[in-house]
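Data first, discussion second: the structure below is written as structure tokens.
The values are calculated or read from the model by the stated rules, or taken from the named source; none is laboratory data. Here the structure is a predicted model, which is why all the values come from computation and not from measurement. Cβ: placed from backbone, ideal geometry, glycine included. Neighbour counts: every protein chain shown.
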Amino acid sequence: MSASAVIFYILSFFILATGLLAVTSRKIFRSAIWLLFSLTGIAGLYFWLQMEFIAAVQIVVYVGGIVVLIIFSIFLTQQTGKDLPAPVRVRSIFSVLAVCAGFVLTCLMVRQYAFGVGRTVGAGVDASVGNIGAQMLSTTEHGYVLPFEAISILLLAAMVGCIVIAIKTKPGDK
Amino acid sequence: MSPIPLSHILVVSAALFFIGMYGLLTRRNMITMLMAVELILNSVNINFVAFNKYLYPDKLEGVFFTLFIIAIAAAEAAVAIAIIINLYRNFHSIDVEDADEMKF
């Protein structure tokens, strides 16, 4: 096994183990910290795939943004030091069964399908920030300027929506 | 990177998806359910990047889909947390079983 394969298996084990701890931990704050580790491991996987820009975006948006937002909301809504209640036994047994069945089915399908064997591919394109930015803002055939603008409208709408939902209305105010 | 076949990466992302699915099915606290949804979205992102890298290395479409998914996930998390805080103000709990006012 080469060094790159070893790195891949260590990274995948790290991602899956911390992800499993994030969904099973009984303390909600620890659960958030395990999620943080799992997302960092996924950023490492992107580095391993030589997608440096995606890895940077993953760290900035997920680790720096979403996890911090989740931790904030834990502090706002949770009494400290209280464990989460254990899941109902019947529900957790059937969830494990359903999840295992789905996973085995997916693995069988992945094994059956030959992904692009014998396909000839052209030279790899340079996934640098300059290339990604140029294609994202280009208005030619493979440009992504329209989805880019749609996303900007969506972010604005989400921002306004968050303020409207979370705003505190005074009692007696219409 | 070449010694690892594409199917191994797909198995890892499928495992991450089903771990998130397990969390979504068993947890009843809204914040932990949101965390499970984030894991699911991340497994989809791994798939997009791996397909782009292995099958179409001459294009960048997978990268763009991943970027848009990350942007939408951020917006979704912000709106979800606004809803959670509003729910906490009304019910003093963020357990989904406690919010049964509209249950028939």
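Restricting the search to segment A:66-84, which residues are modelled with pLDDT under 80 and loosely packed, with under 13 Cβ neighbours inside 10 Å?
A:Gln79, A:Thr80, A:Gly81, A:Lys82, A:Asp83, listed by residue number.
How many residues are closer than 18 Å to B:Ile19 by Cα and either facing chain B (nearest Cβ under 7 Å) or β-branched (Val, Ile, Thr) (or both) if we restrict to segment A:68-89?
2
Among the residues of segment B:63-98, what is the count of those that are of a type in the set (A, V, I, L, M, F, W, C) and closer than 30 Å to A:Asn131 by Cβ?
The number of residues fulfilling the criteria is 14.
Pairs please, first residue from segment A:31-60 and in the same structural domain as A:Ser73 (by TED's automatic domain parsing), second anywhere and of a type in the set (D, E, K, R), Cβ atoms under 8 Å, 6+ apart in sequence or on different chains.
A:Leu35/B:Glu38; A:Leu39/B:Glu38; A:Tyr46/A:Glu52; A:Leu49/B:Lys53; A:Gln50/B:Lys53; A:Met51/B:Lys53
Mind checking which residues of segment A:10-53 are part of a helix (DSSP H, G or I) and of a type in the set (D, E, K, R)?
Result: A:Arg30, A:Glu52.
Are any of the residues in segment B:79-88 under 22 Å from A:Gly19 (Cα atoms), crowded, with 17+ Cβ neighbours inside 10 Å and not aromatic (Phe, Trp, Tyr)?
Yes, segment B:79-88 contains at least one residue that is under 22 Å from A:Gly19 (Cα atoms), crowded, with 17+ Cβ neighbours inside 10 Å and not aromatic (Phe, Trp, Tyr).
Listed residues A:Gly19, A:Gly41; which is more than 9 Å from chain B (Cβ to nearest Cβ), buried (at least 18 other Cβ atoms within 10 Å of the Cβ) and under 30 Å from B:Lys53 (Cα atoms)?
A:Gly41
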